Amino acid sequence: MIRTVLIRGVCAAVFMASLLTMVPRAAGQVPAPPATPTAQEATSERADLLQEVSVRRFRRPALRVGQDYTLRATETVGDVTVVFGDARVEGRIQGDLVVIFGHADLGAAAVVEGSFVVVGGEATVAPGALVRRDVVTVGSDLDAPGDFIFAGEHIVIGTAVLGDWMRSVTPWLATGLLWGRPIVPSLAWVWSIVGVFFVVYLLVNLLLHEPVRASADVLARRPFGAFMVGLLVLLLWAPVAALLTVSVVGIIVIPFFLCALVVAGVVGRVSVMRWIGNSLIAPDEPASRLLALRSFVLGFALLTLVYLVPVLGFVTWGLVGVFGLGATVMAFLAAWRREVPKAPPAPPVRAPVPPPAPAWSTTPIVAPVSAASAVPPLAADATTPLAPAPPSAPPAVSSLPRAGFLDRAIAFGLDVMLIAVLHEGLRGTVFPRYSEFFFPLLLIYFIAFWTWKGTTVGGIVMKLRVIKTTGAPIEAADAIVRALAGVLSFIALGIGVLWILRSDDLAPDGQPARQGWHDKAVGTWVVRDTSGS
């Protein structure tokens, strides 16, 4: 018993001794808290960060538009570009220095590692400045000392006269073009140009009185159509000129084509001015040269005031050009149709009327009977001849019901599928393997079928026909304009096509017009014709 107790006591003593020896080791293994950085270490880290930022800043380019730029002697940057502002350089530029329509001043300690370019401004170089590459001046004056050092070439473009002109235009570019207005009231030479345009427009208004009047009438009756046609002409004149250039004969036509566009644009702007004046002073008075002159002057004055407003000035200037060009083209097409009318239909052949019988004659006079108007034979069981049934008169084309959106969409889908199959079959033979002729082929298909049949294959299936609002069939010029206007209807997020769904747009006969933008641009309806195409 005693022996057992002694053994247990010795074991407990040994265990406690081992615990006491392990406590210091465990305490030594506990991680010590991080030491607080000293002020010297914090200052060194801040200096490294500032140095890194400075290096990045030295390589960073500088751009100023409408503001001045100054580079001090202790600073270094990359490329420097200043537009409509002055540049004062005393430090180092590791790239190029470009100053456009401004004054460039290189100090005595300035160093330009790249080229030094000044456009439409002035350049002043102090003794001691250094340019390691080229010095280029475009219409600018360079004031540099005789010992000015540059390692490249000195390129001078333009004379001092060009420089003076460019410097005179600089205020208009800064306060006119950038502000979105064509007329800057503080510049005297701008008003001189306005006076020149007034004289030119006045002569056009007086000498071309009838064309201007016809264009103004088109604007009064169909402003939306004039806008669409003008937009189409602006979009298509470049492709048409390119096609004429490709052909040998077309090269001769290009100068006349461009001159016609310029004349149409000028006449169109004058017609817009007259239209505005007519709308304000005499909307219902008969046209006369005196009234036309008053309307033109009033319209020109109002547009001139609008051109002074920032942003709105250029927007109005562009809209006037589009409306005027479209109105002139529409008036020209209308005059062309009047000069080249269609052949009138042949009059119907009528049966000759027998002369009246004399009063003393008892024999009735019988009119000559032709084979076509012979009396039909008597029926087998009747005592009187059978009269032929009168032919049913076809309904007036303009009174046919308008086609709905779904019918037109199905017909269009059928036409697209037909052209897609045709294009796929001809790929590799007529067309290249990876061609882009599908869209032009589709456009030609619509124009050709509208001109030939007044409808397409899809329209024949759906019993649809395209007619003018007057009931006349569509012509080649109408088909071309309608097809191109249809492209715009799709490009404008499909709004021009969805315009067909409007129910408040009624035709003169009370039916919904169901016209898209391309229908309104030409004046057409799509009708359902169950009598056949």
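Being hydroxyl-bearing (Ser, Thr, Tyr) and in contact with a helix residue (DSSP H, G or I) (Cβ under 8 Å, 6 or more places away or on another chain) is the requirement here; does Thr76 meet it? Yes, satisfied. Among the residues making up the stretch 296-315, those that are open to solvent by less than 50 Å² (accessible area, probe 1.4 Å), in contact (Cβ under 8 Å) with a residue 60 or more places away in the chain and part of a helix (DSSP H, G or I) are Phe296, Phe300, Thr304, Tyr307, Gly313.
Every listed requirement among (1) in a loop (DSSP other than H, G, I, E, B); (2) at pLDDT 90 or above; (3) not acidic (Asp, Glu) is met by Ala109 save one, (2). For the stretch 164-173, does any single residue satisfy the condition of being in contact with a strand residue (DSSP E or B) (Cβ under 7 Å, 6 or more places away or on another chain) and at negative phi? Looking for residues that are in contact with a strand residue (DSSP E or B) (Cβ under 7 Å, 6 or more places away or on another chain) and at negative phi, one finds none in the stretch 164-173, hence no.
No other residue among Ser503, Ser489, Ser531, Ser435 is under 21 Å from Val229 (Cβ atoms) and modelled with pLDDT under 85 apart from Ser489.
Is the stretch 254-262 home to any residue that is part of a helix (DSSP H, G or I), modelled with pLDDT under 80, open to solvent by less than 70 Å² (accessible area, probe 1.4 Å) and hydrophobic (A, V, I, L, M, F, W, C)? Walk me through how you get there before you give the answer.
Restricting attention to the stretch 254-262, the residues satisfying the condition of being part of a helix (DSSP H, G or I) are 254-262.
The next check asks that each one be modelled with pLDDT under 80; those that pass are none.
No, the stretch 254-262 contains no residue that is part of a helix (DSSP H, G or I), modelled with pLDDT under 80, open to solvent by less than 70 Å² (accessible area, probe 1.4 Å) and hydrophobic (A, V, I, L, M, F, W, C).
Return the residue satisfying two criteria in turn: it lies in the stretch 167-187 and is of a type in the set (A, V, I, L, M, F, W, C) and over 27 Å from Ala123 (Cβ atoms), and of such residues it is most open to solvent (accessible area, probe 1.4 Å). Lay out the reasoning, then the answer.
First, the residues of the stretch 167-187 that are of a type in the set (A, V, I, L, M, F, W, C): 169, 172-174, 177-179, 183-184, 187.
Restricting the remaining residues to those that are over 27 Å from Ala123 (Cβ atoms) gives 179, 183.
Working: Trp179: 125, Ile183: 11 Å².
Result: Trp179.
Just to check your reading of the model, which residue among Gly158, Gly176, Gly225 is within 26 Å of the chain's Cα centre (by Cα), in contact (Cβ under 8 Å) with a residue 12 or more places away in the chain and over 30 Å from Ala521 (Cα atoms)? Working first, answer last.
Details: Gly158 fails: within 26 Å of the chain's Cα centre (by Cα); Gly225 fails: over 30 Å from Ala521 (Cα atoms).
On inspection, the qualifying residue turns out to be Gly176.
It is to be established whether one or more residues within the stretch 132-141 are crowded, with 20+ Cβ neighbours inside 10 Å and under 21 Å from Gly313 (Cα atoms). No, that holds for no residue.
Given the structure, is Thr159 polar (S, T, N, Q) and either surrounded by 14 or more Cβ atoms within 10 Å (Cβ to Cβ) or modelled with pLDDT of 85 or more (or both)? It is false that Thr159 is polar (S, T, N, Q) and either surrounded by 14 or more Cβ atoms within 10 Å (Cβ to Cβ) or modelled with pLDDT of 85 or more (or both). Checked against the criterion of being charged (D, E, K, R) and free of Cβ contacts under 8 Å to residues at least 40 places away in the same chain, the candidates Asp143, Asp217 yield just one match: Asp143. Cβ separations smaller than 6 Å between residues 6+ apart or across chains give the following pairs from the stretch 320-334 residues that are on the phi < 0 side of the Ramachandran plot and among the hydroxyl-bearing types (Ser, Thr, Tyr) to residues that are open to solvent by less than 20 Å² (accessible area, probe 1.4 Å) and in a helix (DSSP H, G or I): Thr328/Ser215; Thr328/Ala264; Thr328/Val267; Thr328/Gly268.
On the basis of being open to solvent by 50 Å² or more (accessible area, probe 1.4 Å) and either among the polar types (S, T, N, Q) or under 16 Å from Phe332 (Cβ atoms) (or both), does Arg269 make the cut?
Working: open to solvent by 50 Å² or more (accessible area, probe 1.4 Å): no; either among the polar types (S, T, N, Q) or under 16 Å from Phe332 (Cβ atoms) (or both): yes.
In short, no.
Residues Asp147, Asp164: which one is of a type in the set (D, E, K, R), assigned to a loop (DSSP other than H, G, I, E, B), out of contact with any Phe, Trp or Tyr (no Cβ under 7 Å at 6 or more places or on another chain) and open to solvent by 40 Å² or more (accessible area, probe 1.4 Å)? Can you show your working first?
Values: Asp164 fails: assigned to a loop (DSSP other than H, G, I, E, B).
Going through Asp147, Asp164 in turn, the sole match is Asp147.
Going through the stretch 199-217 one residue at a time, which ones are surrounded by 15 or more Cβ atoms within 10 Å (Cβ to Cβ) and not charged (D, E, K, R)? Break it down stepwise before answering.
Here is the first cut: in the stretch 199-217, the ones surrounded by 15 or more Cβ atoms within 10 Å (Cβ to Cβ) are 201-202, 204-205, 208-209, 211-217.
Once the filter is applied, which keeps residues that are surrounded by 15 or more Cβ atoms within 10 Å (Cβ to Cβ) and not charged (D, E, K, R), the stretch 199-217 yields Tyr201, Leu202, Val204, Asn205, Leu208, His209, Pro211, Val212, Ala214, Ser215, Ala216.
Among the candidates Ala238, Ala220, which residue alone is of a type in the set (Gly, Ala, Ser), assigned to a helix (DSSP H, G or I), at pLDDT 85 or above and open to solvent by 40 Å² or more (accessible area, probe 1.4 Å)? I'd like the intermediate steps shown before the answer.
Working: Ala238 fails: at pLDDT 85 or above.
Going through Ala238, Ala220 in turn, the sole match is Ala220.
Output yes when any residue across the stretch 448-458 is touching an Asp or Glu at 6+ places or on another chain (Cβ under 8 Å), in contact (Cβ under 8 Å) with a residue 12 or more places away in the chain, part of a loop (DSSP other than H, G, I, E, B) and open to solvent by 20 Å² or more (accessible area, probe 1.4 Å), and no when none is. Taking every residue of the stretch 448-458 in turn, none turns out to be touching an Asp or Glu at 6+ places or on another chain (Cβ under 8 Å), in contact (Cβ under 8 Å) with a residue 12 or more places away in the chain, part of a loop (DSSP other than H, G, I, E, B) and open to solvent by 20 Å² or more (accessible area, probe 1.4 Å).
Would a scan of the stretch 472-482 turn up a residue that is within 17 Å of Gly225 (Cα to Cα), among the aliphatic types (A, V, I, L, M) and open to solvent by 40 Å² or more (accessible area, probe 1.4 Å)? Scanning the stretch 472-482 turns up at least one residue that is within 17 Å of Gly225 (Cα to Cα), among the aliphatic types (A, V, I, L, M) and open to solvent by 40 Å² or more (accessible area, probe 1.4 Å). A Cβ distance below 7 Å, combined with a sequence gap of six or more or placement on separate chains, defines the contacts here; from the stretch 260-282, residues that are closer than 13 Å to Leu203 by Cα reach residues that are open to solvent by 60 Å² or more (accessible area, probe 1.4 Å) in the pairs Val267/Leu208; Val267/Pro211.
The values are calculated or read from the model by the stated rules, or taken from the named source; none is laboratory data. Predicted, not measured: the structure shown is a model, and the values here were computed from it. Every residue, glycine among them, receives a Cβ derived from its backbone with ideal geometry; neighbour counts consider all protein chains shown. Keep in mind that these areas ignore ligands, DNA and RNA; they rest on the heavy atoms of the full protein, side chains included. Shrake-Rupley method; radii C 1.70, N 1.55, O 1.52, S 1.80 Å.
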